[in-house]
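The values are calculated or read from the model by the stated rules, or taken from the named source; none is laboratory data. As the structure is a prediction and not an experimental result, all values here were calculated from the model. So basically every Cβ, Gly included, is an ideal-geometry build from the backbone, and we count neighbours across all protein chains shown. Quick note on the areas: whole protein, heavy atoms, side chains included, nothing else; ligands and nucleic acids left out. Shrake-Rupley method; radii C 1.70, N 1.55, O 1.52, S 1.80 Å.
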Amino acid sequence: MFKENFKMSWMNLIHNKMRSFLTMLGIVIGVASIIALITIVKGAMDGMTSEFSSFGADKITVQAIGTPLKQGLLDSDIQKLSEIEDVAGVSPTLTGNTTVVYNGNEKKDVFVQGKNDVYFSKTKDLVETGRGINILDIDSENKVCLIGANIAEELFWGEDPIGKKMLVAGVTYTVIGTLHESSSFSDSSNNDAVIIPYTTSMSLLGTGYINNVDVFMSDANDSEKITSDIEAVLNQAFNYNKDGFTIINMQDMLSSINRVTTMMSLMLGGIASISLIVGGIGIMNMMLVSVTERTTEIGLRKALGAEPKRIQQQFLLEAVFLSLFGGTIGLLLGALIAYAVCFLIGASFALSVFTVVLAFGFSAAIGIIFGIAPARKASKLNPIDALRSV
Amino acid sequence: MCGQILNMTQITKTYVMGEEEQVVLNNINLTVNKGDFVAILGPSGSGKSTLMNIIGCLDSPTSGDYYLSNQKVDELDEASLAAIRNKEVGFIFQQFQLLPRLNAIQNVELPLVYARVQEKDRKQRAREMLGRVGLGEKLQNRPNQLSGGQQQRVAIARAMVTNPTILLADEPTGALDQKTGQQIMELFHELHEEGKTIIMITHDIEIAKNASRIVRILDGKLREEFTYV
Ligand SMILES: Nc1ncnc2c1ncn2[C@@H]1O[C@H](COP(=O)(O)OP(=O)(O)OP(=O)(O)O)[C@@H](O)[C@H]1O
Ligand SMILES: [Mg+2]
């Protein structure tokens, strides 16, 4: 019985191709815009999230400009931070600009970073060739360095830089490694950087203060507790001067980004669903016209023994067909648009199962909601009135 | 009374139009036996179609009792009425009422679809019935690819395919020329001879003469005219 109704509905839609198509268009546009918007927003936000994650979701960043009396953190403070429970390691950063020279070639305004062994063990895809800085380099303030991809290219001209001696701020350093070339915006600075042990960099930069520390957690779920422990250490270090430091918790930032993403998806999806409702009204309108047009047919079917619920099912199926078919086209169109846009803005394209289910669920629901009234109207037609209308 | 398949007593149908009340059928009593070929003859507006709609369970009387195949019709719900129209009654209309988008075989199949007969069986029975009315060669033709007489034959095949208790025809020759009309009447004769019960409505005495029994209807009242056999 279902199969027969299915066939009849299909035949009827095929017969009125143009009208079916135009009616479907509302649903197509509605579903396409929902799919496209959700997918694009998600793609863009995923990009941002992974960028943030690459900064490290398992780390807490401390920025300490300090007080006039104490313009940053001391080695002893770093030591205290590393002793906090559940802290896997602490990575201080010192930065400055200087000139490097190799083989008579000079490069000015090079970004020098002082880092430690923790930085190298905790950061993925950092070292391209050679080795990173280890604990011995830190303890004995070795004059060793790693160089960024641009520096390797500009100063060494394809020569293998490892083991070569170069001048950093007039002092001879041995190159122990090169840094992985990075294309992403967040750490492209590494391409022009020279990294040296932070203990060594203190004398190079002429400072004992550290303004920037990354604290790595052994369990990101403990971030709240660790954050408050860090705060305690810093309060002590800066004599409760809250202006002296800032604690940036990546975990908190990630979850607020996720909140914003979800809200934006919902909001845009909500706006797009208005067009779905308009599409649904289009379907309802066409179905009502169709019932009126086919009054005689309905009367005849009833005279031949069709039960009201069968007539209802036939018309309801037509409406659901229209909206599901429109939904499928909309899904394809929306995915295509999203793919194109994601490609253009360089975001990652991923069509989630949720979105697909949402599209089909929505269009089926629209078909049923807006198809039920015309279908009931058809099923309630009095067969004699219907037959007499010829 | 084993042969009695239709029994109407005191059937009245009134339409209320604003203030006025129009009595279209007035205390009608009618009994039809198995194998009867009854013609209901009357002028336009006399209530013929109204009576036929009640017989065919498309409409219900204002008052009176109606039994069809020993079922009291006015006690039935919509679904049971649908089943009665499907199994007990075969309708033949003046305007044929074929579905334009379906071909001959699909049109004939339709009542079997509603009777939930399997597709293979359905096609087989539809094909046989179309052969029976002389359209074995026109199975795939759509209504607009058939002559009026051929269309009415398809409609007769459709009415017959469920093997109904009564065949109910409202002016079956009304839209046909005399010669084609006569051919349709010959088909009715054949069906009658096979034992089919036929009720035919007409305003044409010549057509009515084909029947074995004529009932006159005038101003909503029924009067037995004469009976052959
Ligand atoms: N739904 C209705 N509402 C009001 N009056 C109606 C309705 N249906 C039929 N009538 C009236 O009932 C009367 C009989 O109508 P009916 O259709 O039965 O006539 P008929 O004998 O079939 O005529 P014809 O030979 O022209 O087909 C007519 O006067 C008609 O106006
Ligand atoms: Mg009539």
Q) So, in segment B:74-103, of the ones that are open to solvent by less than 20 Å² (accessible area, probe 1.4 Å) and facing another protein chain (nearest Cβ under 7 Å), which residue ends up farthest from B:ALA157 (Cα to Cα)? A) B:ALA82
Q) Within segment B:40-63, can one find any residue that is more than 30 Å from B:LYS209 (Cβ to Cβ) and more than 13 Å from ligand 1 (Cβ to nearest atom)? A) yes
(Q) Being within 13 Å of chain B (Cβ to nearest Cβ) and open to solvent by 10 Å² or more (accessible area, probe 1.4 Å) is true for just one of A:ILE372, A:ILE368, A:ILE384. Which residue is that? (A) A:ILE384
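Quick one: count up the residues across segment A:299-320 that are under 19 Å from A:MET24 (Cα atoms), of a type in the set (A, V, I, L, M) and either without any contact (Cβ under 8 Å) to a residue 60 or more places away in the chain or open to solvent by less than 10 Å² (accessible area, probe 1.4 Å) (or both).
Residues in segment A:299-320 being under 19 Å from A:MET24 (Cα atoms), of a type in the set (A, V, I, L, M) and either without any contact (Cβ under 8 Å) to a residue 60 or more places away in the chain or open to solvent by less than 10 Å² (accessible area, probe 1.4 Å) (or both): 3 in total.
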Q.
more than 14 Å from every other protein chain (Cβ to nearest Cβ) and open to solvent by 10 Å² or more (accessible area, probe 1.4 Å): is that true of B:GLU171 in this structure?
A. no
Q: Kindly check whether there is at least one residue in segment B:215-228 that is assigned to a helix (DSSP H, G or I) and hydrophobic (A, V, I, L, M, F, W, C).
A: no
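Could you tell me whether any residue of segment A:282-291 is within 14 Å of another protein chain (Cβ to nearest Cβ), on the phi < 0 side of the Ramachandran plot and among the small types (Gly, Ala, Ser)? Reasoning before the result, please.
Narrowing segment A:282-291 to residues within 14 Å of another protein chain (Cβ to nearest Cβ): A:290.
Of the ones still in play, those that are also on the phi < 0 side of the Ramachandran plot are A:290.
Filter once more, so that each one left must be among the small types (Gly, Ala, Ser): A:290.
Yes, the conditions are met somewhere in segment A:282-291.
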Q: May I ask you to list the residues in segment A:145-171 that are surrounded by fewer than 21 Cβ atoms within 10 Å (Cβ to Cβ) and under 30 Å from A:GLN79 (Cβ atoms)?
A: A:ALA169, A:VAL171
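Of all residues being among the β-branched types (Val, Ile, Thr) and open to solvent by less than 30 Å² (accessible area, probe 1.4 Å) in segment B:52-73, which is farthest from the other protein chains (Cβ to nearest Cβ)? Just the residue, please.
Looking at residues that are among the β-branched types (Val, Ile, Thr) and open to solvent by less than 30 Å² (accessible area, probe 1.4 Å), I get B:VAL73.
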Q: Might you check whether a residue that is outside any helix (DSSP H, G or I), more than 14 Å from the chain's Cα centre (by Cα) and away from ligand 2 (no atom under 16 Å from the Cβ) occurs anywhere in segment B:182-201?
A: yes
Q | Residue list for segment A:229-243, filter: of a type in the set (Asp, Glu) and open to solvent by 60 Å² or more (accessible area, probe 1.4 Å) | A | A:GLU231, A:ASP243
Q.
Only one of A:THR292, A:THR296 is under 30 Å from B:GLU109 (Cβ atoms), part of a helix (DSSP H, G or I), open to solvent by 70 Å² or more (accessible area, probe 1.4 Å) and assigned by TED's automatic domain parsing to the domain that holds A:SER9. Can you tell me which?
A. A:THR292
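Residue by residue through segment A:88-101, note down the ones that are touching a residue at least 40 places away in the same chain (Cβ under 8 Å) and open to solvent by 20 Å² or more (accessible area, probe 1.4 Å).
A:ALA88, A:THR95, A:THR98, A:THR99, A:VAL101
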